[in-house]
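Engineer: Below you'll find the structure I mean.
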Amino acid sequence: MQAVKKSPLLCFAVLLLVNAMWAFQFSGAKIATARLGPITVTLLPMALSTLFFAPFVLFRKRKPMPGVAPASRREIVLGFVAAGTIGVAASQLGLTWGVLRSLASNAAVLTLTIPVLTAALAAMLLGEKMSGLRWFAFLLSIAGVLIVSDVDWHSVQVFRGKYLLGNTLIMVSCFGSAFYNTYSKKLLQTFNPVEVLVYSYAVTDLVLVALMVVFEPPQWRQLAALDAGVWLSLGTIAVFSLSLSTILFFWVIERMDVTQASLSIYLLPVMGVGISALTVNEKVTGRLLAGGGLVLLGTFLVTTYEERRKTASSRLNR
């Protein structure tokens, strides 16, 4: 890949912003699912996002990076089909359907696997490696998430038959998210971030439309009756939680390993609790501050600190 200027502290700040945008999706989707089915709630912001950003695809085409052989049309199509189905569609629908058939405590535990799955896929697909510092940062961040989430371990029933289908769907979602995070970096060798977003989301839109026709036939009167608050939530999810956040995340993974950037996903529950404290006046507790501090430290170690250490080491070896 061609050298891209690294700004570790800026990447760290961007990842904080990205996770704040992602965190809103949970509360925004909750507003919409009170009026619409889960497939429709997933499809509408995804389709809006595709429509919003499709015109920007025409502005600038990225040439393949030096040393990267131009992909054939068949490889391009298969690549975006994989990103849109195995990645986006699986991650979005798996979580929506999974939580309906499982427990929130199960989902809280299972989603901890996303950065770990991302690290494994990055090792297989991109040749990235886990260092001792990265393992330490992972442990710090997982500890922080568990403190913030305050998981009731007595209620966790990951392998119980009653919740097995739901838990399996949540794991499909976790794998889909990890796959999209990782596979997108390969696509970014040939396409710019907006192209990757629009083309992969367009595939996802087609999948969701087919599923909606089968499982949730559209009720046009119901859509027409939606109030401005619901449309505002869907539009905010489309522009910020699905679009700008993804483009910014792509910007980061062009400058550092996917494994490093994915650790920031542990900021999501911290941001989610923080947003709830601001929007619905939930209490900011010492548990939130302590857990959030550990996650921030872990993310800082594998982004800013590790990159600065690499830079210093490379200068000494010249």
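The values are calculated or read from the model by the stated rules, or taken from the named source; none is laboratory data. This is a predicted model, so every value here is computed, not measured. Glycine gets a Cβ as well: all are built from the backbone with ideal geometry, and neighbour counts include every protein chain shown.
Engineer: Does any residue in the stretch 302-318 that is more than 17 Å from residue 129 (Cβ to Cβ) and part of a helix (DSSP H, G or I) come within less than 7 Å, Cβ to Cβ, of a residue that is of a type in the set (A, V, I, L, M) and modelled with pLDDT of 70 or more six or more places away or on a different chain, and which pairs are these?
Structural biologist: Going by the 7 Å Cβ cut-off, the qualifying pairs are 304/9.
Engineer: May I ask you to list the residues in the stretch 219-253 that are more than 21 Å from residue 52 (Cβ to Cβ) and surrounded by fewer than 16 Cβ atoms within 10 Å (Cβ to Cβ)?
Structural biologist: Listed by number, the residues that qualify are 219, 220, 221, 222, 224, 225, 227.
Engineer: Being modelled with pLDDT of 80 or more and more than 18 Å from residue 262 (Cα to Cα) narrows it down to one of 106, 167, so name that one.
Structural biologist: The match here is 167.
Engineer: Right, next: Out of 60, 74, I need the residue that is modelled with pLDDT under 95, basic (Lys, Arg) and out of contact with any helix residue (DSSP H, G or I) (no Cβ under 9 Å at 6 or more places or on another chain). Which one?
Structural biologist: Numbers: 60 fails: out of contact with any helix residue (DSSP H, G or I) (no Cβ under 9 Å at 6 or more places or on another chain).
Selected residue: 74, the only one of 60, 74 that is modelled with pLDDT under 95, basic (Lys, Arg) and out of contact with any helix residue (DSSP H, G or I) (no Cβ under 9 Å at 6 or more places or on another chain).
Engineer: Still on this structure, I have one more. What pairs can you find where one residue is in the stretch 228-257 and of a type in the set (Lys, Arg), the other is not in a helix (DSSP H, G or I), and their Cβ atoms are less than 8 Å apart, with a gap of 6+ or different chains?
Structural biologist: Close Cβ pairs satisfying both conditions: 255/4; 255/5; 255/6; 255/7.
Engineer: Working carefully through the options 211, 197, find the one that is surrounded by fewer than 20 Cβ atoms within 10 Å (Cβ to Cβ) and aliphatic (A, V, I, L, M).
Structural biologist: On the way: 197 fails: surrounded by fewer than 20 Cβ atoms within 10 Å (Cβ to Cβ).
When all the criteria are applied, what remains is 211.
Engineer: Sticking with this one: Only one of these conditions is not met by residue 192: (1) buried (at least 16 other Cβ atoms within 10 Å of the Cβ); (2) touching a helix residue (DSSP H, G or I) at 6+ places or on another chain (Cβ under 7 Å). Which number is it?
Structural biologist: (2)
Engineer: As an exercise: evaluate residue 45 against (1) modelled with pLDDT of 80 or more; (2) more than 30 Å from residue 215 (Cβ to Cβ) and give the number of the one condition it does not meet.
Structural biologist: The number of the failed condition is (2).
Engineer: Residue 36 versus (1) modelled with pLDDT under 90; (2) not in a loop (DSSP other than H, G, I, E, B): which is the lone unmet condition?
Structural biologist: It fails just one condition, (2).
Engineer: Which residues, taken from the stretch 133-160, are modelled with pLDDT under 90, under 22 Å from the mean Cα position of the chain (by Cα) and among the small types (Gly, Ala, Ser)?
Structural biologist: Within the stretch 133-160, 141, 143, 144, 149 qualify.
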